[in-house]
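Here the structure comes first, spelled out in structure tokens, and everything after it is commentary.
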Amino acid sequence: NLIAASTPLATGFYYAAILDGTCESDNRLQISVIVNNPGIPTTDNASQFFCQVNNPTVADLDINEAIIVFYTVPTGGTPLAPSTALTNGTYYVALLDGIGCEGTIRLAITVTITAVGTPTTTSPTQDFCQADNPTVADIQVNETGVLFYDALTGGNLIASTAPLTAGIYYASILNGICESEARLAITVTITVVGTPTTNATTQNFCQGNNPTVAAISVNETGVVFYDAQTGGNVIPSTAVLVPGVYFATLQNGACESETRLAITVTISNPSAPTTGNATQSFCQIDAPTVADLQVNETSVVFYNQISGGTALLPTDALVSGTYYVALLDGTCESTNRLAITVIINNPIAPTTLNTTQDFCLAENPT
């Protein structure tokens with residue numbers, strides 16, 4: 001049969017005759033025709049997911065065959081360059097053979113691009129106390145699943161347990177396998193507070209002065225005291241001092257010293273003085289003074305009341321009543337005072353019936 005010129009070719013033999021006017025050639029030329037159709041490409045994933053941060057391109061589509069061409073339409077259209085950026089939608093893949101033929105049926109692949117926003121924070125500059133041993137996990141961001149890097153792009157991932165240092169950290173949200181396209185820069189500052197100092201790491205106080213924590217001597221202001229080298233409890237400045245070790249730290253805003261200063265406190269309280277006579281009598285005519293009171297110890301101080309009061313001078317005249325004696329031990333007085341009752345004797349003048357008396361020398365009067 002005569003085959004029309006518009007008839008699609010099929011694989012097989014065709015025979016050609018020359019037409020000369022109304023005459024055809026007696027012999028026909030046999031032509032063997034092979035029509036190539038490379039078939040349909042294949043993939044393990046008809047739906048493929050990509051992260052926007054990776055800037056995916058057509059070349060990233062997963063196809064099992066190597067010689068292929070991509071389109072945005074199922075038929076016709078213009079081939080896409082491998083460097084074409086991927087967007088959400090459907091791409092069509094045709095298989096190529098070695099002589100440049102495309103498959104008539106294209107493989108459809110659905111592409112989903114995951115875009116992850118930049119994390120946020122209430123404070124782009126954050127300060128931390130060195131004493132708290134802050135780590136990357138302490139950086140404040142409003143989202144969960146955040147990763148930190150040492151560069152705005154690329155760079156190295158920083159472990160959440162890494163100690164914080166002063167500088168800039170870059171935060172990225174991790175959503176499944178995708179991260180933020182842009183990272184959040186957070187500036188970190190670290191406040192280092194030195195250890196307080198003192199002129200005496202062992203300090204003695206007098207029990208009689210009712211010393212409090214505020215009396216501990218340090219060279220700096222803004223010092224807080226604890227009952228332990230680390231952790232522990234704050235001791236109020238008004239707390240009564242007791243023998244032991246107190247640990248001082250400086251406060252600088254919200255931060256404290258990284259290391260505390262240990263101060264050993266001792267409390268002196270001498271025993272009350274003693275005497276052989278709790279009641280002592282004196283003659284007024286002898287003009288007795290406080291210095292005449294008899295106690296067994298030498299370093300003592302006298303008062304006219306059992307506590308408090310003003311110390312008496314050794315030259316103060318004695319009067320009948322009770323005196324209280326405290327023992328001195330260096331700079332400390334005993335909190336308990338010895339009571340001594342003082343009696344001042346002053347007999348009345350003698351009397352006579354004759355204020356003028358006459359004697360005979362011969363009688364040798366005495």
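List of remarks:
- The condition (being more than 26 Å from Phe49 (Cβ to Cβ), in contact (Cβ under 8 Å) with a residue 40 or more places away in the chain, part of a loop (DSSP other than H, G, I, E, B) and β-branched (Val, Ile, Thr)) is satisfied by just one residue among Ile99, Ile105: Ile99.
- Matching residues, segment 282-299, being closer than 30 Å to Pro211 by Cα, touching a Leu at 6+ places or on another chain (Cβ under 7 Å) and open to solvent by 30 Å² or more (accessible area, probe 1.4 Å): Glu297, Ser299
- The set of residues in segment 193-208 that are touching a residue at least 60 places away in the same chain (Cβ under 8 Å) and open to solvent by 70 Å² or more (accessible area, probe 1.4 Å) comprises Thr201, Thr202, Asn204.
- Residue check, Ala137 within 30 Å of Ser257 (Cβ to Cβ), in contact with a Cys (Cβ under 8 Å, 6 or more places away or on another chain) and outside any loop (DSSP other than H, G, I, E, B): no
- Tabulated pairs, segment 52-79, first over 23 Å from Thr153 (Cα atoms), second in a helix (DSSP H, G or I) and open to solvent by less than 80 Å² (accessible area, probe 1.4 Å), C-beta under 8 angstrom, 6+ apart or interchain: Phe70/Val58
- Restricting segment 258-281 to residues that are surrounded by fewer than 16 Cβ atoms within 10 Å (Cβ to Cβ) and of a type in the set (A, V, I, L, M), the residue that is nearest to Ala131 (Cα to Cα): Ala262
- All conditions but one from (1) within 60 Å of the chain's Cα centre (by Cα); (2) more than 30 Å from Gly154 (Cβ to Cβ); (3) loosely packed, with under 13 Cβ neighbours inside 10 Å; (4) of a type in the set (A, V, I, L, M) apply to Ala10; the one that does not is (1).
- Selection of segment 108-149 for residues being over 30 Å from Gly76 (Cα atoms) and of a type in the set (Val, Ile, Thr) yields Val116, Thr118, Thr120, Thr121, Thr122, Thr125, Thr135, Val136, Ile139, Val141, Thr144, Val146.
- Qualifying residue in segment 225-245 (condition: touching an Asp or Glu at 6+ places or on another chain (Cβ under 7 Å), in a loop (DSSP other than H, G, I, E, B), buried (at least 19 other Cβ atoms within 10 Å of the Cβ) and aliphatic (A, V, I, L, M)): no
- Consider segment 82-105 and keep the residues that are open to solvent by 60 Å² or more (accessible area, probe 1.4 Å) and touching a helix residue (DSSP H, G or I) at 6+ places or on another chain (Cβ under 9 Å). The one that is farthest from Cys255 (Cα to Cα) is Pro82.
- The set of residues from segment 19-38 being at pLDDT 85 or above and exposed (fewer than 11 other Cβ atoms within 10 Å of the Cβ) comprises Leu19, Asp20, Gly21, Thr22, Cys23, Asp26, Asn27, Leu29, Gln30, Ile31, Ser32, Val33.
- Listed by position, the strands (runs of 3 or more DSSP E) enclosed by segment 6-62 that each have at least 2 residues that are under 30 Å from Thr114 (Cα atoms) and not charged (D, E, K, R) are 47-51.
- Look at segment 213-231: where a residue is modelled with pLDDT of 95 or more and a partner is among the basic types (Lys, Arg), sitting 6+ places away or on another chain with Cβ atoms under 6 Å, you get Gln229/Arg260.
- Check on Gly176, open to solvent by 30 Å² or more (accessible area, probe 1.4 Å), at pLDDT below 95 and either small (Gly, Ala, Ser) or at negative phi (or both): yes
- Criterion: out of contact with any Leu (no Cβ under 7 Å at 6 or more places or on another chain), among the small types (Gly, Ala, Ser), closer than 30 Å to Thr191 by Cα and open to solvent by 40 Å² or more (accessible area, probe 1.4 Å) - qualifying residue of Ala131, Ala137, Ala108: Ala137
The values are calculated or read from the model by the stated rules, or taken from the named source; none is laboratory data. Predicted model, so just to flag it, every value in this text is computed and none were measured. Don't worry about glycine lacking a Cβ; one is built from the backbone with ideal geometry, like all the others, and counts go over all protein chains shown. These accessible areas exclude ligands, DNA and RNA; they are computed on the full protein's heavy atoms, side chains included. Shrake-Rupley method; radii C 1.70, N 1.55, O 1.52, S 1.80 Å.
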